[in-house]
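All remarks here apply to the structure that follows.
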Amino acid sequence: MKKVDHIGIAVQSIEKALPFYTKMLALTLVKIERIEEQGVAVAFIDAGNVKLELLEPLHDASPIARFIQKRGQGLHHVALKVEGIEQRILELKSKGVQFVSEQPKLGAGGAEVAFLHPSSGHGVLYELCDHSTGKGVKENE
């Protein structure tokens with residue numbers, strides 16, 4: 001693992017949540033994008049040494065909508081920056097780590113992502129996030 005890439009926060013509405021981060025906390029909005037395949041809109045906020053990712057469901061069947069229904073708005077996941085995501089998945093599986101999906105998917109910013117099952121992370125949902133595949137914009141170290 002290289003570092004924490006970002007922290008995902010589930011919100012009902014990016015538009016309503018954003019002023020807290022940009023006006024109250026004086027953090028900088030980096031970008032907003034939609035990921036139709038995952039049913040989510042995301043807003044990345046620069047928090048200095050880490051990005052915050054606000055996750056808004058695009059429809060009721062979105063995994064983020066289901067998360068908010070069960071647990072309410074708040075911390076959703078911690079994303080760990082990796083390179084060679086497929087190899088990392090195999091390595092972690094060999095150590096008994098369970099995944100939500102064992103195949104990487106395209107995530108925000110063109111990164112390949114895979115989620116570890118919360119039962120393996122002691123109740124925390126961890127995301128492996130690989131920007132090195134060339135499928136999107138490469139993030140800064």
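General observations
- Residue within the range 74-81 that is over 15 Å from the mean Cα position of the chain (by Cα) and either surrounded by fewer than 18 Cβ atoms within 10 Å (Cβ to Cβ) or of a type outside the set (Val, Ile, Thr) (or both) present: no
- Given (1) free of Cβ contacts under 8 Å to residues at least 24 places away in the same chain; (2) farther than 17 Å from Cys129 by Cα; (3) surrounded by 15 or more Cβ atoms within 10 Å (Cβ to Cβ), index of the condition Thr22 fails: (3)
- A single entry from Ala17, Ala43 fulfils the requirement of being modelled with pLDDT of 95 or more, surrounded by 14 or more Cβ atoms within 10 Å (Cβ to Cβ) and touching a helix residue (DSSP H, G or I) at 6+ places or on another chain (Cβ under 9 Å): Ala43.
- When Leu106, Leu52 are checked against the criterion of being at pLDDT below 95 and surrounded by 15 or more Cβ atoms within 10 Å (Cβ to Cβ), Leu106 stands alone in meeting it.
- Selection within the range 1-24 - assigned to a loop (DSSP other than H, G, I, E, B) and among the polar types (S, T, N, Q): Gln12, Ser13
- The range 77-104 - residue that is of a type outside the set (A, V, I, L, M, F, W, C) and touching a helix residue (DSSP H, G or I) at 6+ places or on another chain (Cβ under 7 Å) and, of those, farthest from Lys3 (Cα to Cα): Glu102
The values are calculated or read from the model by the stated rules, or taken from the named source; none is laboratory data. Note that the coordinates shown come from a computational prediction; the quantities given were computed from them, not determined experimentally. Cβ: placed from backbone, ideal geometry, glycine included. Neighbour counts: every protein chain shown.
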